[in-house]
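Q: Supplied in structure tokens, the structure appears directly below.
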Amino acid sequence: MTKPSRRRRGVTTIEDVARAAGVSAMTVSRVINHGKNVRETTRAAVLEAIERLSYSPNTAARSLAAGQATHIGLLYANPSAGYLAQFLIGALHAARSAGVHLVIESCESEDADEQAEVTRRFASSDVEGVILPPPLSESQPILAELASMGIPVVTVAMGAPQADSLNVRIDDHAAAMEMTRHLLDLGHRNIGFIKGHPNHVASHDRYKGFCDALTQADIDCDKAPAEQGYFSYRSGLIAGERLLAREERPTAIFASNDDMAAATISVAHRMGLNVPDDVSIVGFDDTALATSVWPELTTVKQPISAMAEAALELLIADLRIHLPGTPRKLTERVLSHAMIIRESSGPPAAARKAKKSKSVRTA
């Protein structure tokens with residue numbers, strides 16, 4: 001016997017049943033869950049409507065309630081191996097703790113049709129909900145395909161979540177402002193910036209945080225040297241070379257992730273520059289790469305594993321309580337970030353000389 005597709009199962013909603021029985025969606029929910037305080041005539045009307053409309057409540061919620069295995073999907077594509085490794089560790093740990101199976105699939109293509117096709121194939125594996133880490137968390141073809149099949153989704157690092165979505169993120173804007181202020185407090189005024197992928201909201205939030213911090217320090221962000229990156233090591237090499245080859249070389253460079261920051265450090269070494277004496281270089285994420293390079297990287301700690309765990313917990317909680325067809329409000333968890341100060345950042349040469357000269361005069 002062929003199993004009904006999710007698309008067909010998702011056609012009839014709890015609101016359809018409520019309208020057919022002349023009651024509220026909440027009353028239908030009480031009947032389905034064998035709640036009290038429901039008149040027998042009302043219960044009979046609801047059950048008749050359920051049978052007539054062939055309505056099937058959320059199977060994932062029933063499985064969770066019965067302690068049966070539930071399959072949660074994780075669809076990924078991330079140019080940073082360090083980010084992806086931490087995310088998978090967090091997701092696998094949370095899945096093991098929750099007693100659910102994690103189904104993992106990659107989607108490397110940026111073509112809309114191919115993304116939609118991968119999503120359809122992925123959904124056919126009977127996943128009850130899907131976690132989308134960046135950059136797929138902002139893929140409209142994937143989000144639209146999953147919505148059409150009635151599969152709940154939790155996005156991670158989605159800077160502009162929809163009103164009816166589940167989302168986990170940090171405050172990228174505030175984090176970037178803090179890192180920029182760190183460089184300003186060290187005495188840097190000519191600070192370069194390597195942007196993240198232009199299709200990601202987080203990239204724009206980080207650049208805006210950088211610019212807002214400069215503006216508060218009376219520095220024109222439009223005149224600050226900036227290069228486009230794509231969160232990959234290779235794009236960091238290209239952007240780092242362009243910044244460090246400038247006639248007026250920046251005294252500090254803020255890269256939008258650790259991969260690009262590490263690449264910039266390698267460029268500096270190749271050019272015979274000392275980090276941080278000749279140029280300070282800082283990153284974002286605090287992946288394993290941050291402590292694998294020399295000097296170790298000053299960076300923003302994004303709790304990547306914790307974000308993956310929070311995403312799975314949020315999705316499971318939604319599956320337990322949410323019935324198909326009922327409106328969903330935005331549920332978002334904003335996790336804390338932290339500044340991790342290591343050896344790759346320090347005062348610019350001019351500030352060090354001024355400090356040394358002042359100490360000599362004082363002596």
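The values are calculated or read from the model by the stated rules, or taken from the named source; none is laboratory data. Every value quoted in this text rests on a predicted model; they were computed, and no experiment measured them. A quick note on method: Cβ atoms are made from the backbone with ideal geometry, for glycine too, and the neighbour counts reach across all protein chains shown. Surface areas here come from the heavy atoms of the whole protein model, side chains and all, with no ligands, DNA or RNA. Shrake-Rupley method; radii C 1.70, N 1.55, O 1.52, S 1.80 Å.
Q: Over what distance in Å are the Cα centres of region 196-247 and region 95-157 separated?
A: For region 196-247 versus region 95-157, the Cα centre distance is 30 Å.
Q: I've got another one for you. Give the accessible surface of region 124-256 per residue, rounded to a whole number of Å², with probe radius 1.4 Å and ligands, DNA and RNA excluded.
A: Computed with neighbouring chains in place, this is 40 Å² per residue.
Q: Run the simple label-point estimate for Leu53 and His93 please: 7 Å along Cα→C-beta, distance reported in nm.
A: 4.3
Q: Still on this structure, I have one more. Averaging the inverse of every distinct alpha carbon separation and then flipping it gives the Kirkwood radius. What is it for region 88-173, in angstrom units?
A: Numbers: mean 1/r = 0.0733 Å⁻¹.
With all distinct Cα pairs of region 88-173 included, I get 13.6 Å.
Q: Please calculate the 1.4 Å probe accessible area of Tyr55, with all protein chains present, and give it to the nearest 10 Å².
A: Only protein atoms counted, so the area is about 20 Å².
Q: Can you list residues from other chains, or at least 5 along the same chain, whose modelled amide H is less than 5 Å from the amide H of Phe231?
A: Amide H neighbours of Phe231, under 5 Å, 5+ apart: His197.
Q: What's the extension gain from Val38 to Ile104 if we count 0.36 nm per residue and subtract their Cα-Cα distance?
A: Details: separation 66, 0.36 × 66 = 23.76 nm, distance 4.23 nm.
Fully extending the segment from Val38 to Ile104 adds 19.5 nm.
Q: Would you mind computing Rg(Cα) / (2.2 N^0.38 Å) for region 167-228, counting N as its residues?
A: Working: Rg = 11.5 Å, N = 62, 2.2 N^0.38 = 10.6 Å.
Normalised Cα radius of gyration, region 167-228: 1.08.
Q: Separation between the His71 and Leu273 pseudo-spin-labels, each 7 Å from Cα along Cα→Cβ, expressed in nm?
A: The answer from the label model is 5.0 nm.
Q: Quote the FRET efficiency, to the nearest 0.05, computed for Ser124 versus Arg320 with a Förster distance R0 of 35 Å and r equal to the Cβ-Cβ distance.
A: On the way: r = 24 Å, r/R0 = 0.68.
About 0.90, to the nearest 0.05.
Q: Rounded to whole Hz and in sequence order, give me ³J(HN,Hα) for region 242-258 from the Karplus expression 6.51 cos²θ - 1.76 cosθ + 1.60, θ = phi - 60°, writing x for Gly and Pro.
A: Taking θ as phi minus 60°, the curve returns 5, 5, 6, 8, 5, 4, 9, 5, x, 7, 8, 10, 10, 9, 6, 7, 5 Hz for region 242-258.
Q: Run the numbers for Ser24 and Gln228: contour at 0.36 nm per residue of separation, minus the present Cα-Cα distance, in nm.
A: Working: separation 204, 0.36 × 204 = 73.44 nm, distance 5.24 nm.
Fully extending the segment from Ser24 to Gln228 adds 68.2 nm.
Q: Ok, one more. Once the piece of chain linking Asp220 and Ala147 is laid out straight, how much longer is it, given 0.36 nm per residue of separation minus the C-alpha distance between them?
A: Numbers: separation 73, 0.36 × 73 = 26.28 nm, distance 4.29 nm.
The span from Asp220 to Ala147 would gain 22.0 nm if fully extended.
Q: May I pose another question? Give, rounded to the nearest 20 debye, the magnitude of the charge dipole that region 254-297 has about its Cα centre when Lys and Arg contribute +1 at Cβ and Asp and Glu contribute -1 at Cβ. Don't jump to the answer; show the numbers that get you there.
A: Working: 1 positive and 7 negative charges, 36 e Å.
For region 254-297, the charge dipole is close to 180 debye.
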